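The values are calculated or read from the model by the stated rules, or taken from the named source; none is laboratory data. Note that this is a predicted model, so its numbers are computed, not measured. Note: ideal-geometry Cβ built from the backbone for every residue, glycine included; neighbour counts use all protein chains shown. Heads up: the accessible areas ignore ligands, DNA and RNA and are worked out on the full protein's heavy atoms, side chains in. Shrake-Rupley method; radii C 1.70, N 1.55, O 1.52, S 1.80 Å.
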Amino acid sequence: MKTFFAVSHLLSNQRVSEGCSVTSGGSSPVFTLRVNKFEWSRILKRLVLSFSIFCLLAMVATTARGERPNIIMFLIDDQNPSSIATYGGDTYTPNLDRMADEGMKFTRAYVSSSVCTPSRYSFLTGRFAGNSYSKLYAEAVGSQGNQGLPNFNVALERDKMNVGNVLREAGYNTGFVGKYHLTSELDFPEFYKGKDKWINIPKDVSPGPETSAQFKHNERWMCRYLETLGFSWAKNVYPENIHQPYSSHNPEWTTVAALEFIEENKDGPFYLHLCSTLLHGPDKSWRRSMDHPLVTGEGEAESLPEVMTPREELLRTIAEKGFDPNSHVAGEAWIDDSLGAILRKLKELGIDDNTLVIFAPDHGRDGKASVFSHASCQVPMIMRWPNGIPAGQVCDELVQNIDLVPTFFDLGKAEKPKSYRIDGRSLTPLLKNGKAEEWRNHLYLEMGAARATVTKDWSYIAVRHTKEQIATIKRAAPQNLPRAMSYIGRLGIGVRGADRPGFFDEDQLYNLKSDPKEMKNLAYREDKADRLNEMRDLMQQDLEVIGRPFGEFIPGGNAAASGQISKQIELVKQLDIKGKTVSVPKALKGNPGATAEPDPDDKSTKKAKRETRRKAREEAKPKSQKRSHN
């Protein structure tokens, strides 16, 4: 290369006339070069052209590999902003705090649905779960002419329209580690047949070698399932939430797989979907899990991978920092330490600057299965990418988990298939300083029978049960109303939002500035009628794009207008609801506003009596007519 520039310099100064002689002295060979000056001109032009082509090819190669960032989506379970120090939490999260200092912290990030399955669907597709076209969802809610009820009833589709497959086709190596929670027998029946089929493991089974073998079998099964969906690589996957007898969290087990994938694909570009089981479950379970280091998603392991801070050392550090190591801080610091291991590996491999790391949970902890903002759909989210995001940025714009996949496609220069539906928009305009012209002015949220429209200052919630659900509600005895009227038709997490007075109201309006915890429903105040109508208009726009019926907004199918269960709403608000326990005040027992539907115990008794009568009839039949039980 130096010779090329030396010759170019000589020629440009016209120091060659009729020819050129080049002689080297000393012990080097002596050679003479004589070329006509016009010939030299042609040679120079060819050299310049060749060099230009070389530079262009180098730039193309850099764009194809170097400029496209590696991407790590670090997805956490059940986390509120208050569990991270940089968001004001009273806890120990040094790696997340550093990540925010060196990247961008989002203050108004949301998930579109507030339970695991639909939210994770959106993280993997960029679509609202209510737009799922999986067979599982169609079976649950019916045709497009019926109202959607997105909850634990969606799955990734067979057509591979997901981030793992599209980025793979664009040249990325795509990996999956950790919790999935989106399987479907209806969509992938072949995985539930034959010798390698899914094993249903009872939750009351005893631990041991046989049970461990079954857990390991299902983990391998899950890896094959993900590769069928289009991911290049999968390892150490939890098919669903952790459960007995191996229900302890083990972030080292997922972290070691993540580090392996990063090491194998350090030359990039790669995409890693890394999903922790923390912080699912009661906070005391996090600390208890630390005492069971050999429990993994494939049963009992022989040893604990040494990829994170030793557990005892981490607990000592928590205590030294002035926190109770037996409190919620243990789990929050534990998942933070997993992040730290990832960041250290990127630095060690020299790929830290060009790797985009996103940290976010699938939803909040306290308001699961609702569409409230506080501790439900509004979540912490932090991004770090030294080559693309200036340090210390804060974004206050309304963003959503459906925006992540289009962002990844944008940065990865992936061509979206024509049939791929995306509901979000790329966040790349925000990555410079957290601001963008003409950014959205509201968000749309969905959870079972509820929908929400959220602006920076207001939240409007519409709860519209289907005709079938209304019939069930009207038949329900008081103690069964909370289940029937929850947005997803279940107690427990289905009624976590019931600690807000307006949870069961069909229309809810909250001022998020003056009432951030959404405790005062303003929807029925006359002075808020204009605001209510403005928010309803925004919701109408989004519902029309979704395309399914919903209440009186978009009539049709099994959608039903509001105002049909007013008595039941008044009644359910008088009940004491705590998790799966419902207490009915004596004054309400036998309330004429509800029919005397039997409670679950009564149903069990009646079922037993019916079975007794059936057996009696069988015994009364002649032997020739008795049914065979062989």
**Report entry** helices (runs of 4 or more DSSP H) fully within the range 234-322 counting 2 or more residues that are acidic (Asp, Glu)
**Finding:** 251-264, 311-320
Query raised in the report: List, please: which pairs have Cβ atoms under 6 Å, are six or more places apart or on different chains, and start with a residue in the range 341-366 that is under 17 Å from Gln79 (Cβ atoms) and end with one that is open to solvent by 10 Å² or more (accessible area, probe 1.4 Å) and assigned to a loop (DSSP other than H, G, I, E, B)?
Result: Gly364/Asn80; Arg365/Asn80
Requested in this report: May I ask you to list the residues in the range 382-405 that are among the aliphatic types (A, V, I, L, M) and open to solvent by less than 10 Å² (accessible area, probe 1.4 Å)?
Outcome: Ile382, Met383, Ile389, Leu398, Val399, Ile402, Leu404, Val405
Query raised in the report: When the range 464-483 is examined, which residues are found to be hydrophobic (A, V, I, L, M, F, W, C) and either open to solvent by 20 Å² or more (accessible area, probe 1.4 Å) or in contact with an Asp or Glu (Cβ under 7 Å, 6 or more places away or on another chain) (or both)?
Result: Ala471, Ala476, Ala477
Query raised in the report: Any idea which residue in the range 145-165 is most open to solvent (accessible area, probe 1.4 Å), counting only those that are over 20 Å from Met447 (Cβ atoms) and in a loop (DSSP other than H, G, I, E, B)?
Result: Arg158
Query - All positions within the range 493-531 that are part of a helix (DSSP H, G or I) and closer than 17 Å to Leu445 by Cβ - result: Ile493, Gly494, Arg496, Gly497
Report task. Only residues in the range 212-230 that are more than 14 Å from Tyr192 (Cα to Cα) count as the first member; pair them with residues that are assigned to a helix (DSSP H, G or I), Cβ under 7 angstrom, at least 6 apart or cross-chain, and list the lot. Result -> Leu229/Gly164; Leu229/Asn165; Gly230/Gly164; Gly230/Asn165; Gly230/Arg168
Report summary line: Every listed condition ((1) open to solvent by less than 10 Å² (accessible area, probe 1.4 Å); (2) out of contact with any Gly (no Cβ under 7 Å at 6 or more places or on another chain); (3) in a loop (DSSP other than H, G, I, E, B)) holds for Tyr487 save (2)
Query - Candidates Ser119, Ser82, filtered to the one that is in contact with a Gly (Cβ under 7 Å, 6 or more places away or on another chain) and not aliphatic (A, V, I, L, M) - result: Ser82
Query raised in the report: Which of the residues that make up the range 79-108 are within 15 Å of the chain's Cα centre (by Cα) and buried (at least 23 other Cβ atoms within 10 Å of the Cβ)?
Result: Gln79
Query - Residues (open to solvent by 10 Å² or more (accessible area, probe 1.4 Å) and in contact (Cβ under 8 Å) with a residue 60 or more places away in the chain) located in the range 239-253 - result: Glu240, Asn241
Query raised in the report: Which residues, taken from the range 336-349, are out of contact with any Asp or Glu (no Cβ under 9 Å at 6 or more places or on another chain) and either crowded, with 21+ Cβ neighbours inside 10 Å or not in a helix (DSSP H, G or I) (or both)?
Result: Asp337, Leu339, Ile342
Query raised in the report: Residues in the range 180-198: is at least one in contact (Cβ under 8 Å) with a residue 60 or more places away in the chain, touching a Pro at 6+ places or on another chain (Cβ under 6 Å), buried (at least 18 other Cβ atoms within 10 Å of the Cβ) and of a type outside the set (Phe, Trp, Tyr)?
Result: no
Requested in this report: Return only the number of the condition from (1) under 19 Å from Tyr92 (Cα atoms); (2) in contact (Cβ under 8 Å) with a residue 40 or more places away in the chain that Glu312 does not satisfy.
Outcome: (2)
Query raised in the report: Out of (1) open to solvent by 10 Å² or more (accessible area, probe 1.4 Å); (2) under 13 Å from the mean Cα position of the chain (by Cα), what's the single condition that is false for Ala129?
Result: (1)
Report task. Could you tell me whether any residue of the range 166-177 is under 27 Å from Ile335 (Cβ atoms), part of a loop (DSSP other than H, G, I, E, B) and touching a residue at least 12 places away in the same chain (Cβ under 8 Å)? Result -> yes
**Report entry** Residue identified as of a type in the set (Phe, Trp, Tyr) and farther than 19 Å from Thr428 by Cβ among Tyr110, Tyr137
**Finding:** Tyr137
**Report entry** Any hit, the range 210-225, residues being touching a helix residue (DSSP H, G or I) at 6+ places or on another chain (Cβ under 8 Å), under 30 Å from Met161 (Cα atoms) and surrounded by fewer than 20 Cβ atoms within 10 Å (Cβ to Cβ)
**Finding:** yes
**Report entry** Among (1) of a type in the set (A, V, I, L, M, F, W, C); (2) open to solvent by 10 Å² or more (accessible area, probe 1.4 Å); (3) farther than 27 Å from Pro207 by Cβ; (4) in contact (Cβ under 8 Å) with a residue 12 or more places away in the chain, the one test that Ile318 misses
**Finding:** (2)
**Report entry** Residue check, Lys435 in a loop (DSSP other than H, G, I, E, B), open to solvent by 10 Å² or more (accessible area, probe 1.4 Å) and either in contact with a helix residue (DSSP H, G or I) (Cβ under 6 Å, 6 or more places away or on another chain) or in contact (Cβ under 8 Å) with a residue 40 or more places away in the chain (or both)
**Finding:** yes
Query raised in the report: How about the range 132-144: which of its residues are open to solvent by 20 Å² or more (accessible area, probe 1.4 Å) and either in contact with a helix residue (DSSP H, G or I) (Cβ under 8 Å, 6 or more places away or on another chain) or in a loop (DSSP other than H, G, I, E, B) (or both)?
Result: Tyr133, Gly142, Ser143, Gln144
Report task. Within the range 350-367, track down each residue that is open to solvent by 10 Å² or more (accessible area, probe 1.4 Å) and closer than 17 Å to Leu279 by Cα. Result -> Arg365, Asp366
Query raised in the report: Gly494 is checked against (1) surrounded by fewer than 18 Cβ atoms within 10 Å (Cβ to Cβ); (2) touching a residue at least 12 places away in the same chain (Cβ under 8 Å); (3) of a type in the set (Gly, Ala, Ser) and fails just one. What number does that condition carry?
Result: (1)
